[in-house]
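Okay, so here's the structure we're looking at.
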Amino acid sequence: MLRAYEGELMLRQAGTYNTDKSKKSGGSKSEAKEKEALKWQLERYHEISREIAYQERQVSKLDKTISRAYGANKLQAFADKEKALNKQLVLEQEKLQEASEKWLEADKAALEELGVGV
């Protein structure tokens, strides 16, 4: 839901959002470049989100391994899970840092421009 709202927000700012669905929106090369830039901006967290999702799958697999293992194998699986969770934590911190450093001010300005106070 938030992602769809962000997309609409970005397209409205660029003036390329067509509210009348009966009219086709043609465009020039500059509009195409602008739309491509907006698409990139919408997917700004794609890489790190993909890595976080991968780590979540790894943790899930390790949970299954832990439930089936005994003895030394179970202890090793717990150690592996701890490493995976620590890596996931680091990725989440990187995503938060990137959001606050690169995008916070731009997003605040865009919302204020639309009249939404933050």
Notebook entry, point to check: Here are some conditions: (1) charged (D, E, K, R); (2) surrounded by 11 or more Cβ atoms within 10 Å (Cβ to Cβ); (3) without any contact (Cβ under 8 Å) to a residue 12 or more places away in the chain. GLU105 meets all but one. Which one does it not meet?
Noted result: (2)
Check: For LYS81, are the conditions met, namely being under 20 Å from GLU47 (Cβ atoms), in a helix (DSSP H, G or I) and in contact (Cβ under 8 Å) with a residue 12 or more places away in the chain?
Finding: no
Note to self: Pairs please, first residue from the range 33-58 and more than 18 Å from LYS87 (Cβ to Cβ), second anywhere and outside any helix (DSSP H, G or I) and modelled with pLDDT under 90, Cβ atoms under 9 Å, 6+ apart in sequence or on different chains.
What the structure shows: GLU34/GLY15; GLU34/THR16; GLU34/GLY27; LYS35/THR16; LYS35/GLY27; LEU38/THR16
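The values are calculated or read from the model by the stated rules, or taken from the named source; none is laboratory data. Since we're looking at a predicted model, the values are computed, not measured. Ideal geometry is used to build each Cβ from the backbone, glycine not excepted, and the neighbour counts take in all protein chains shown.
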